[in-house]
Amino acid sequence: MGPLSGIKVIDLTSVLMGPFATQYLGDFGADVIKVESPAGDTVRFIGPSPSPDMGPLFLNSNRSKRSVVLNLKTPEGRDLLLDLCTTADVLVYNVRPAAMKRLGLSWEDVNAVNPRLIYAGLYGYGQNGRYAARPAYDDLIQGGAALSHLFTLSGSEQPRYVPAAIADRVVGLTGLSGILAAIIERSRSGRGQRVDVPMFETMVNLVLCDHLGGLTFDPPAGPAGYTRLLAADRRPLQTADGHLCALVYTDDQWRRFLAAIGQEDLPLTDSRFASFGARIENIAHVYGWLAEIFLTRTSGEWIDLLDAADVPVMAMHTLDSVLGDPHLMDTGFFSHVEHPSEGRMLSMANPVQMSATPVAATRHAPALGEHTVEVLQEMGLSDERIGRLLDQGIAATVGAADTDDSGFSYGERRSV
């Protein structure tokens, strides 16, 4: 039983940002009901997979959920969603608030049927600013939050995007924290509330916590930017046979590092290495010096030497080699699971560990509409009405198929 056992979540999110947050809620034990359109979450169709609508991005962001298909653009589909909300604890969406209003699912609409429900929106821009109506994607937010500009400050010829959906993931986790805080507050007040998490503001906060620098003060005490993070040579260090990630940072670490390589007198002969402040002030020279030193040994030799000196070091993995990292093997981070429709697949553990209420995946990522009938039955709908909803395309499910030991059935999608 996870820490959120007994909490019901209506998940109206799609793509990556919202589903990443709601997957955590599901891993924490909440009953997450993912409500999809008849076309399905678009991320279902991204990446190689045995089935065309069960891509790896979907599988890795939507476990621990049930899937229900409702056409929310129909009056009856919308009413069914509101009926679901009457017994739910949380509703999460990641479209623009104006779209929720057009669907008749605004904060006011939902709060009217369940004042205890927490209504959480993860979307592009704060609604009291001029960008409120704009669509937003990870790339746009990275650029707007100055992440792309940081590449040019650190030596890149052109601005770039971080090659990961970093804004989606960060905002998803920020939304998760807001939802959990609202659940705690409701335990005291008995009231639900609206939780708004705009991407732009969240990522500007993330970047400027590091790089506001001297602009923190009025008048400014200096320029923006954290010098060490922007140093051109702040990168994995090339060794005699590859690359390695190492950070010699504190005075004690430098003392041990220099002793290990037989240059303990360097701070006496070069004042740029004499103290933490001196090294930060001369970080370009320091990193350049390290780059030359690390070419003299292999990666394995450096790992042994730095581990013995208690200096932070890490292998620079590729997407393939990280799967065999010995520490991750020790902790059981990766495991193979049998998915009822996709077969044997690699799964990653939720990184949060709790002693009394363990965190773990509770379900396989669902087929589109796999649990539609099950959830409608839990709502008290008759088989006759459910059949009519399927016939009219207001709801949809998958056809009868083999069922695994957990009771999850998979098969061809149908709306009639």
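The values are calculated or read from the model by the stated rules, or taken from the named source; none is laboratory data. What you see is a predicted model; the values in this text were computed from it and never measured. Backbone-built Cβ (ideal geometry, glycine too); neighbour counts: all protein chains shown.
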*Scanning for something of a type in the set (D, E, K, R) and more than 31 Å from the chain's Cα centre (by Cα), does the stretch 310-322 turn up at least one residue?*
yes
*Just to be sure, is LEU389 in contact with a Gly (Cβ under 9 Å, 6 or more places away or on another chain), buried (at least 19 other Cβ atoms within 10 Å of the Cβ) and touching a residue at least 24 places away in the same chain (Cβ under 8 Å)?*
yes
*Of the conditions (1) over 19 Å from the mean Cα position of the chain (by Cα); (2) buried (at least 17 other Cβ atoms within 10 Å of the Cβ); (3) among the basic types (Lys, Arg), LYS73 clears all except one; give me its number.*
(2)
*With respect to ASP218, is the statement that it is assigned to a helix (DSSP H, G or I) and either under 13 Å from VAL90 (Cα atoms) or not assigned by TED's automatic domain parsing to the domain that holds VAL113 (or both) true?*
no
*Report, by residue number, each residue of the stretch 192-211 that is under 16 Å from ALA21 (Cβ atoms) and without any contact (Cβ under 8 Å) to a residue 60 or more places away in the chain.*
THR202
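Being assigned by TED's automatic domain parsing to the domain that holds MET100, loosely packed, with under 13 Cβ neighbours inside 10 Å and of a type in the set (Val, Ile, Thr) narrows it down to one residue among ILE184, ILE179; which is it?
Testing whether each residue is assigned by TED's automatic domain parsing to the domain that holds MET100, loosely packed, with under 13 Cβ neighbours inside 10 Å and of a type in the set (Val, Ile, Thr) leaves just ILE184.
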*How about the stretch 231-256: which of its residues are among the aliphatic types (A, V, I, L, M) and modelled with pLDDT under 95?*
ALA231, ALA232
*Filtered residues of the stretch 309-343 (kept if β-branched (Val, Ile, Thr) and surrounded by 11 or more Cβ atoms within 10 Å (Cβ to Cβ))*: VAL311, VAL313, VAL322, THR331, VAL337
*asked:* Where the second residue is of a type in the set (A, V, I, L, M, F, W, C) and at pLDDT 95 or above and the first is assigned to a loop (DSSP other than H, G, I, E, B) and lies in the stretch 96-108, which pairs have Cβ atoms under 6 Å and are six or more apart or on separate chains?
replied: LEU103/LEU72; SER106/MET100
*For the stretch 113-131, name all the residues that are loosely packed, with under 15 Cβ neighbours inside 10 Å and either free of Cβ contacts under 8 Å to residues at least 24 places away in the same chain or in contact with a strand residue (DSSP E or B) (Cβ under 6 Å, 6 or more places away or on another chain) (or both).*
ASN128, GLY129, ARG130
